[in-house]
Amino acid sequence: MIARIWYGWTSPENAEKYEKLLREEVLLEIAKRAIPGYKGAEIFIRDGENDEVEFVTLLRFETIEAVKAFAGKIYEIPVIPPECKKLLKRQSEKSRHYRIVPIN
């Protein structure tokens with residue numbers, strides 16, 4: 001299993017709109033694509049540093065090939081819809097990928 005992790009930061013004023021956009025549109029659209037090997041997503045939110053709200057998205061895939069089916073051949077490049085870019089103050093330039101190692 002592969003975790004695809006990406007960071008984005010909004011202003012406190014845009015945080016609620018961004019969270020809603022992720023939950024109600026962006027992540028649902030990814031799920032609707034029915035990409036073989038896509039196993040879901042999570043959002044992590046941290047308030048309060050430098051007058052920003054930090055968002056971490058974690059998408060799970062069975063294989064790196066499934067990641068490429070989602071993101072393309074150069075799979076480290078983040079997939080950021082235009083409506084999300086409008087709400088972000090800044091973002092990480094690359095998505096990072098980790099093997100998920102089950103315990104037990």
Every residue from region 1-43 that is in a strand (DSSP E or B), touching an Asp or Glu at 6+ places or on another chain (Cβ under 8 Å) and loosely packed, with under 15 Cβ neighbours inside 10 Å: 39, 43
Neighbours by Cβ (under 6 Å, 6+ apart or cross-chain): first from region 23-35, under 13 Å from residue 59 (Cα atoms) and among the aliphatic types (A, V, I, L, M); second surrounded by 12 or more Cβ atoms within 10 Å (Cβ to Cβ) and modelled with pLDDT of 95 or more: 27/41; 35/69; 35/70
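Can residue 103 be described as assigned to a loop (DSSP other than H, G, I, E, B) and either in contact with a Ser or Thr (Cβ under 7 Å, 6 or more places away or on another chain) or surrounded by fewer than 14 Cβ atoms within 10 Å (Cβ to Cβ) (or both)? Break it down into steps so the answer makes sense when it comes.
On the way: assigned to a loop (DSSP other than H, G, I, E, B): yes; either in contact with a Ser or Thr (Cβ under 7 Å, 6 or more places away or on another chain) or surrounded by fewer than 14 Cβ atoms within 10 Å (Cβ to Cβ) (or both): yes.
Considered against the rule, which asks whether it is assigned to a loop (DSSP other than H, G, I, E, B) and either in contact with a Ser or Thr (Cβ under 7 Å, 6 or more places away or on another chain) or surrounded by fewer than 14 Cβ atoms within 10 Å (Cβ to Cβ) (or both), residue 103 comes out as yes.
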Residue tally, condition surrounded by 12 or more Cβ atoms within 10 Å (Cβ to Cβ), more than 14 Å from the chain's Cα centre (by Cα) and in a loop (DSSP other than H, G, I, E, B), over region 44-90: 3
Residue match in region 2-19 (condition: touching a helix residue (DSSP H, G or I) at 6+ places or on another chain (Cβ under 8 Å) and within 16 Å of residue 71 (Cα to Cα)): yes
Contacts under 6 angstrom Cβ, first residue in region 67-91 being farther than 24 Å from residue 14 by Cα, partner of a type in the set (Ser, Thr, Tyr) and part of a loop (DSSP other than H, G, I, E, B), 6 or more apart: 67/75; 68/75; 76/95
Residue match in region 7-15 (condition: within 25 Å of residue 99 (Cβ to Cβ) and either in contact with a Ser or Thr (Cβ under 7 Å, 6 or more places away or on another chain) or at pLDDT 95 or above (or both)): yes
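The values are calculated or read from the model by the stated rules, or taken from the named source; none is laboratory data. For clarity, every value in this text was computed on a predicted model and none was experimentally measured. So basically every Cβ, Gly included, is an ideal-geometry build from the backbone, and we count neighbours across all protein chains shown.
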